[in-house]
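Visitor: Before we start, here is the structure in question, set down as structure tokens.
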Amino acid sequence: MVFPYSSIGAGLAAAESADIPVVTWGGGLGRSVASTNGSGAPIAEPVIEKMIADLNGKGDILALTYRTGEVCRNREVLLDEKLKDYPDIKVTKNEVRIPGYLEDGAQYANAWLASRPPGDGNLAIWGCWDDPAIGAIGPLRQQGRTDVEVYGVNGNAQALENIRRGHMTATAWEDSYTEGYDMVMLLDTIITETDWQPRAVEVPAILVTQDNIEAFLEEHPDAYGNWARDRQRPFG
């Protein structure tokens, strides 16, 4: 799970010598890995594309990254690739810690906002997963900054709550259950198919925004966790 194939070489070699297939969730293809899904870049693509579109080709992004992790590293690479055609979009990158990503998100957002007052152009904060971006929401609310769009990836319950409340712009929801189900269902084919070729079997992410959050929650109530049990509670 998540570990890149390059970091589990001995285990892959042992499994290959015993004719045991290895599949990865977020670890990518390579060496003797038979299949992968849940990869970082494909999940992040729809929300990165929306952020770029929302900036309308010009503005500033605070990117909260985590280069130690394979998934976040791949998402950062995708962000860079997508921005190559937009030289008027400037990016400030800060790497968060684990643990400490919420606090780091808040700290980096505070420093970044200090030199970007309201009305200073198109502004966005992007987290390579939801939590650092959620950490940045605190300073935005404390300062009354409604001019900064906030984007995350993975679609955890807290991100969905913040989208519903209007504090977060968008996230890309990862259907981890279906990813796991599809991979388990594929194992028999991997084992029995003599000419099996390693491949990715990605489950497309769903872009969740303030425009479609209610419809999304109706269709995927489990994604909202305990919050789905009390849809009428007052907002704090």
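Visitor: What is the packing order of peptides 194-206, 133-145, taking the mean over residues of other C-beta atoms within 10 Å and listing the highest first?
Guide: In descending order of packing, they fall as 133-145, 194-206.
Visitor: Between Arg97 and Glu81, what is the label-point separation in nm under the 7 Å Cα-to-beta-carbon projection?
Guide: Computed distance between label sites Glu81 and Arg97 equals 3.2 nm.
Visitor: All other residues with a Cβ under 11 Å from the Cβ of Glu202 taken together, and with Lys, Arg as +1 and Asp, Glu as -1, what is their net charge?
Guide: Net charge around Glu202: -4.
Visitor: Under a point spin-label approximation (7 Å from Cα along Cα-to-Cβ), what is the Ala114-Thr178 distance to one decimal in nm?
Guide: Calculated label separation equals 4.4 nm.
Visitor: Residue separation times 0.36 nm, minus the C-alpha to C-alpha distance between Ala215 and Ser7: what's the value?
Guide: Computed gain between Ala215 and Ser7 is 70.8 nm.
Visitor: Let me ask you something else. Would you calculate the separation in nanometres between label points at Arg141 and Asp88, each defined as 7 Å from the Cα along the Cα-to-beta-carbon direction?
Guide: 3.4
Visitor: Okay, moving on. To the nearest 20 debye, what charge dipole does the chain have about its Cα centre, counting +1 at the Cβ of each Lys and Arg and -1 at the Cβ of each Asp and Glu?
Guide: Dipole size: approximately 900 debye.
Visitor: If you don't mind, there's one more thing I want to ask. Got a sec? How would Trp126, Trp112, Trp25 order by Cβ neighbour count within 10 Å, fewest to most?
Guide: Ascending Cβ contact count within 10 Å gives the list Trp25, Trp112, Trp126.
Visitor: Give me Met51, Met183, Met168, Met1 sorted ascending by neighbouring Cβ count inside 10 Å, so fewest comes first.
Guide: Met1, Met183, Met51, Met168
Visitor: Could you check what % of the DSSP bridge pairs in the chain are antiparallel, to the nearest 5?
Guide: Percent antiparallel among DSSP bridges in the chain is about 15.
Visitor: Further question: For region 96-235, give the share of DSSP beta bridges that are antiparallel, in percent and rounded to the nearest 5; count only bridges with both residues there.
Guide: Antiparallel: roughly 40 percent of the beta bridges in region 96-235.
Visitor: Could you put Ser6, Ser176 in order, starting from the residue whose Cβ has the fewest other Cβ atoms within 10 Å?
Guide: Ser6, Ser176
Visitor: Ok, one more. Please state the charge dipole magnitude for region 125-219, taken about the Cα centre, from unit charges on C-beta atoms (+1 on K and R, -1 on D and E), reported in debye and rounded to the nearest 20.
Guide: So the dipole magnitude of region 125-219 works out to roughly 600 debye.
Visitor: If you filter region 47-117 for trypsin sites (Lys or Arg not before Pro), then keep DSSP loop positions with at most 13 other Cβ within 10 Å, what is left?
Guide: Of the trypsin sites (Lys or Arg not before Pro), the ones in loops of region 47-117 whose Cβ has at most 13 other Cβ atoms within 10 Å are Lys58, Arg67, Lys84, Arg97.
Visitor: Can you tell me the FRET efficiency between Thr68 and Ala157 if r is taken as the Cβ-Cβ distance and R0 is 25 Å, rounded to the nearest 0.05?
Guide: Working from the Cβ atoms, E equals 0.55.
Since every read-out is calculated from the coordinates, none of them should be taken as a lab result. Everything numeric in this text was worked out from a predicted model, so none of it was measured. All Cβ positions, even for glycine, are placed from backbone atoms using ideal geometry, and neighbour counts span all protein chains on display.
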